[in-house]
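For reference, the structure is listed below as structure tokens.
The values are calculated or read from the model by the stated rules, or taken from the named source; none is laboratory data. If you're wondering where the values come from, they're calculated on a predicted model, not measured in any experiment. So basically every Cβ, Gly included, is an ideal-geometry build from the backbone, and we count neighbours across all protein chains shown.
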Amino acid sequence: MKSLFTLLLSFALTIAFSQMTSVTKRTDFTVSIDENTVVKDKNGQRVPYAFVMKMMATGQYTIDLVKDTHGNAIECKLREVKKDDVGKRETYMRTPGTENLPKPLIGEALPNFELGTLDSKLITSDDVKGKVTVLFFWYGNCKTCINEIPLLNELSNKYASTSDVVFLAPTTDYRDSVSQFISTHPFNYTVCPHATALTDALKVEIYPTHIVVGRDGRIINSYSGGLPGVDDLIKREIDAALKKSLSMVGN
């Protein structure tokens with residue numbers, strides 16, 4: 001009788017432990033991909049890297065690792081995000097060689113700054129207090145930066161009627177070269193030449209880099225390296241920040 005009780009108790013504990021581990025099992029992981037990564041769709045067809053980045057930028061798709069019988073990753077699978085996805089799933093579309101470079105941390109306060117503009121004005125931290133601030137770090141010989149400027153012009157035009165959003169374009173290039181660049185590449189952002197101090201303070205080393213700062217002066221998110229659809233990503237961040245700000249004011 002005693003042995004039967006012991007057996008039943010052991011069985012019950014085994015079930016309880018298995019249930020507990022199934023609930024607490026960690027499922028968060030990180031997948032890093034580049035243009036050499038083999039990514040396939042649900043039909044087993046390889047998906048071009050640029051298309052993968054575009055789909056990932058919508059926030060509606062994720063990546064699964066496909067492993068062989070030995071547990072080695074052999075390829076990735078692109079699929080739609082499901083409601084029952086558990087844990088934190090992150091996929092980094094990276095520029096080769098830049099994965100270990102520092103990037104601005106979400107939640108950190110934007111450092112105090114003073115930026116001179118092309119029209120000899122001064123913009124400081126005090127000028128953007130209580131506003132959503134979008135920063136675009138670039139330089140004149142950056143082809144990806146140049147390609148993004150038309151999209152950023154369209155983005156800034158969407159908020160032309162409000163003073164609650166500020167678009168700044170700091171660059172480490174000097175005033176003369178920036179003036180020459182802008183003469184052939186019109187840019188709606190407020191361009192700030194020789195912004196080395198702010199660039200260094202935020203440890204920006206990947207170009208282009210976009211940083212979105214909320215009304216509380218803290219970094220909401222940053223995007224680097226040339227991501228298709230980055231204008232849509234920034235717009236979503238801006239709209240969410242404006243709504244959050246309004247709701248906080250309402251309370």
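With respect to the conditions (1) crowded, with 16+ Cβ neighbours inside 10 Å; (2) farther than 23 Å from Asp119 by Cβ; (3) of a type in the set (S, T, N, Q), Thr171 falls short on a single one, namely (2).
Of the residues Ala197, Ala169, only one is under 19 Å from Leu105 (Cβ atoms) and small (Gly, Ala, Ser); which? Please lay out each step first, then the result.
Working: Ala169 fails: under 19 Å from Leu105 (Cβ atoms).
When all the criteria are applied, what remains is Ala197.
Among the residues of region 95-115, those that are at pLDDT 85 or above and surrounded by 15 or more Cβ atoms within 10 Å (Cβ to Cβ) comprise Leu110, Phe113, Leu115. For Ala201, the test of being in contact with a Pro (Cβ under 7 Å, 6 or more places away or on another chain), small (Gly, Ala, Ser) and surrounded by fewer than 18 Cβ atoms within 10 Å (Cβ to Cβ) is passed.
Which one of these is part of a helix (DSSP H, G or I) and within 20 Å of Leu110 (Cα to Cα): Asp176, Asp239? Step through it out loud before you land on a result.
Values: Asp176 fails: within 20 Å of Leu110 (Cα to Cα).
Of Asp176, Asp239, the one residue that is part of a helix (DSSP H, G or I) and within 20 Å of Leu110 (Cα to Cα) is Asp239.
Residues in region 64-94 that are at pLDDT 75 or above and either hydrophobic (A, V, I, L, M, F, W, C) or assigned to a loop (DSSP other than H, G, I, E, B) (or both): 9 in all.
So for region 132-144 (the condition being surrounded by fewer than 19 Cβ atoms within 10 Å (Cβ to Cβ), β-branched (Val, Ile, Thr) and assigned by TED's automatic domain parsing to the domain that holds Lys243), does at least one residue qualify? Spell out the reasoning first.
Kept after step one, since they are surrounded by fewer than 19 Cβ atoms within 10 Å (Cβ to Cβ), are these residues of region 132-144: 139-144.
Retained after the next criterion (residues that are β-branched (Val, Ile, Thr)): 144.
Filter once more, keeping what is assigned by TED's automatic domain parsing to the domain that holds Lys243: 144.
Looking for residues that are surrounded by fewer than 19 Cβ atoms within 10 Å (Cβ to Cβ), β-branched (Val, Ile, Thr) and assigned by TED's automatic domain parsing to the domain that holds Lys243, one finds at least one in region 132-144, hence yes.
Take Asp126 and tell me if it is of a type in the set (Asp, Glu), more than 17 Å from Gly226 (Cα to Cα) and assigned to a loop (DSSP other than H, G, I, E, B). No; evaluated as a whole, the condition is false for this residue.
Restricting attention to region 130-144, the residues that are more than 18 Å from Leu202 (Cα to Cα) and either touching a residue at least 24 places away in the same chain (Cβ under 8 Å) or assigned to a helix (DSSP H, G or I) (or both) total 6.
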